[in-house]
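What follows draws every value from the coordinates through simple rules; no lab data is involved. Remember, it's a predicted structure, so these values are computed and weren't measured experimentally.
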Amino acid sequence: MKRVLQMATPATVLVAALAITASGAAAAPVTIDAYASGYYQNSGGTPSPGSTNIIEDSTRNTYFAFDLSGVSGTVTGARLTIFGNNGSFSLSAPGTVTYSIYDVTTNIAALTGHTAGPAAFTDLGSGTVFGSTSITATSTFGAMPQLEIDLSGGLSNFASALGGLLALGGGSNLTGNQGLLWISSFRNPAAQLTLDVNPVPLPAALPLFATVLGGSGLIAWRRRRKQLRAKA
């Protein structure tokens, strides 16, 4: 009786390996702590270099800076967490305050070195809105709540920043004498950025390589199969 030959071809093995690699390429969250944070006044005033103090009112806007040098792939989602109990706040009006996150065009080294001047104030509170949240007003000092802000409006900006540095600006709709956010806040890190990232896809040349390798392997497999049948 002839033996039934069951041999996996090289092409089959290679295709299976590529399929496993592709199937494992699901989006995974990557969390990055802010390496710098602070604020700029409309006059250009800002804390001393190295300070992480963040304050937001009618004359101050905030910033957060992140190092994305170790992140690669396709960004499919983004969220900013500004940690709770990070200083106190007092709001007299309106009933709720809208705090928004914006793109930043100011040079990041100047921004985090606290030398960007009055123009940084305007930049941090204007431009493309990445996401917003609402904060309920209170007439007494209270612990600042933790904020979770969806930044889906900035995915293209995050994609461009991968492999380098990224800064986010923060501004509110507060006007004069309506209160402050994050009074005397010195938490470090003050915020955390979470990106949903799909791994870098397989290079386009790999499928072609698999085809060539699989084809040559298939020829050798058929030749070997004929030799074994002749001996059986």
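Details
- Long-range HN-HN contacts of VAL30 with modeled amide H, under 5 Å: LEU195, ASP196, VAL197
- Quotient of C-alpha Rg and 2.2 N^0.38 Å, computed over the stretch 39-165: 1.09
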